[in-house]
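> If you scroll down you'll find the structure; I have some questions about it.
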Amino acid sequence: IIGMQVFGNIALDPETSITRHNNFRNFIQGLMLLFRCATGENWPSIMLSCVKNRPCDPRNKVGNECGSSLAYAYFVSFIFFCSFLMLNLFVAVIMDNFDYLTRDSSILGAHHLDEFVRIWAEYDPNATGKIHYTEMYDMLKNIDPPLGFGNKCPNRLAYKKLIRMNMPVDSDGKVNFTTTLFALIRENLSIKMRSAEEMDQADEELRDTVRSIWPLQAKKMLDLLIPKQEGKGKLTVGKIYAGLLILECWRTTRFGQIESTAAPGFGQQSPANPTEA
């Protein structure tokens, strides 16, 4: 707008840098001219074509001489602003996004543990070290990746991760804090994670590894970190959410939709007692 007011009446001359394609006659033309200057293309010539004593456009009838000595300060300040400020901001945005995209999101740090403890406390205000298995899904959805699932994680993918974690459930239907945390770390860092048929062997190998590295701590914490699979009748989070995943898949079939229409409200809530599942 300043360029239009100060340099808008300069006559168009093909011998100078103020031509019919490069001028301040209107806002669009002025914007294009400044964009050209911002790229560094021959901006000193454009500046010299706008200085004082340039001929005026006879159609505007504003006098014989146009232009202004303000052109030096105008163009130099504009080039300084574009080159040293806008360019640096542009590069900073690119570098920030590059760092975000190339960052290894699988690396867990102390701040992830703090987040897990904080959100766990919301579901376990009495600090019992246990929460009910029905709260496990919501809690992990409220924890951002890589440790948790995040709000954008599809339900089926979250169910599959819980099935692979497979923490044991006690007689009250609750899951232990330490067992859950180690299962999340193991799942996200792929520590001895194999197919379902080989998980028992992988668990035993991991137990041996923990014993060899931390022999003293293993005596107290090993069964919490890597619980033993005690018989086929032992209830686990994996079995519960496997049943929920099967139920959700069944609902998407034609038979499931017919059943849902015939009996509204069926399957809307998970069983409150694990023995009712």
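Laboratory data are not the source of any read-out in this text; all were calculated from the coordinates shown. In this text the structure is predicted, and so the values were computed from the model without any measurement. Cβ coordinates were reconstructed from backbone atoms using ideal geometry, including for glycine residues, and neighbour counts include every protein chain displayed.
> Between residue 149 and residues 5 or more places away or on another chain, which pairs have amide H atoms under 5 Å apart, with H built 1.01 Å from N, and which residues are they?
141, 143
> Loop only by DSSP, 16 or fewer other Cβ within 10 Å of the Cβ. Give me the trypsin sites (Lys or Arg not before Pro) in region 79-183 that pass, ordered by residue number. Let's see the in-between values first.
Details: sites: 103, 118, 130, 141, 152, 156, 160, 161, 164, 174; in loops: 103, 152.
Sites meeting the loop and neighbour criteria: 103, 152.
> At most 12 other Cβ atoms within 10 Å and a DSSP loop assignment: could you name the trypsin sites (Lys or Arg not before Pro) in region 175-241 that fit? Show your work: numbers first, answer last.
Values: sites: 186, 192, 194, 207, 211, 219, 220, 228, 232, 234, 239; in loops: 192, 194, 228, 232, 234.
Hits after loop and neighbour filter: 232, 234.
> Continuing with this model, one more query. Going by amide H atoms built from the backbone, whose H comes under 5 Å of the H on residue 131, apart from near neighbours?
175
> Run the helix sum for the chain: -39,500 (n - 2.57) per DSSP H stretch of 4+ residues, divided by residue count, reported at 222 nm to the nearest 500 deg cm²/dmol. Don't skip to the end; give the middle numbers.
Working: 13 runs with 148 residues, N = 277.
Value at 222 nm, helices only: -16500 deg cm²/dmol.
> A further question on this structure: Suppose R0 equals 35 Å; then what is the FRET efficiency for residue 217 and residue 132 from their Cβ-Cβ distance, rounded to the nearest 0.05? Please report the intermediate quantities before stating the final value.
Values: r = 28 Å, r/R0 = 0.79.
Once the sixth-power term is evaluated, E becomes 0.80.
> Calculated FRET efficiency, residue 81 and residue 118, Cβ-Cβ r, R0 45 Å, to nearest 0.05? Don't jump to the answer; show the numbers that get you there.
Working: r = 44 Å, r/R0 = 0.98.
So, using R0 = 45 Å, E works out to roughly 0.55.
> Then there is this: Scan the chain and hand back the longest stretch that contains none of the GluC sites (Glu not before Pro) lying in DSSP loops with at most 11 other Cβ atoms within 10 Å. It would help to have the intermediate numbers written out before the result.
On the way: sites that count: 15, 41, 230.
The answer is 42-229.
> Given the convex hull over the Cα atoms of region 2-102, what projected area results after averaging over all orientations, in nm²? Let's see the in-between values first.
On the way: hull surface 28.9 nm².
Mean projected area for region 2-102: 7.2 nm², to one decimal.
> Further question: Within the chain, which cysteines find no other Cys whose Cβ is under 4.7 angstrom from their own?
That list is 37, 50, 82, 153, 249.
> Taking +1 at the Cβ of each Lys and Arg and -1 at the Cβ of each Asp and Glu, which of 181, 140, 82 sits farthest along the dipole of the chain towards its positive end, judged by Cα position relative to the Cα centre?
Result: 82, furthest along the dipole toward the positive end.
> Quick check for me: using +1 on Lys/Arg Cβ and -1 on Asp/Glu Cβ, what's the dipole size of the chain about its Cα centre, in debye to the nearest 20?
Working: 30 positive and 30 negative charges, 114 e Å.
Computed charge dipole of the chain: roughly 540 debye.
> Hey, another quick one. Under the 0.36 nm per residue contour assumption, what length would be gained going from the current alpha-carbon distance of residue 12 and residue 38 to full extension? Before the final figure, lay out the partial values.
On the way: separation 26, 0.36 × 26 = 9.36 nm, distance 2.14 nm.
Working it through step by step, the gained length comes to 7.2 nm.
> Continuing with this model, one more query. Against the globular-protein guess of 2.2 N^0.38 Å, express the Cα radius of gyration of region 98-244 as a ratio, rounded to two decimals. Let's see the in-between values first.
Values: Rg = 15.4 Å, N = 147, 2.2 N^0.38 = 14.7 Å.
Normalised by 2.2 N^0.38 Å, the Cα Rg of region 98-244 equals 1.05.
> Further, regarding this structure: Could you give the nm distance between label points at residue 19 and residue 65, where each point is 7 Å from its Cα heading toward the beta carbon?
2.8 nm
> Moving on to the next point. Roughly how many Å is it from the Cα centre of region 1-79 to that of region 159-213, as a whole number?
72 Å
> Follow-up question, since we're still on this one. If each residue of separation counts as 0.36 nm, what is the full-extension length gain between residue 249 and residue 189 once their alpha-carbon separation is subtracted? Don't skip to the answer; put the middle values down first.
Numbers: separation 60, 0.36 × 60 = 21.60 nm, distance 2.81 nm.
Gain in length upon complete extension: 18.8 nm.
> Match the structure shown to one of the listed values [x] 26; [y] 55; [z] 33 of percent of Cα pairs over 31 Å apart, computed from it, and give that label.
Correct label, based on the coordinates given: [y].
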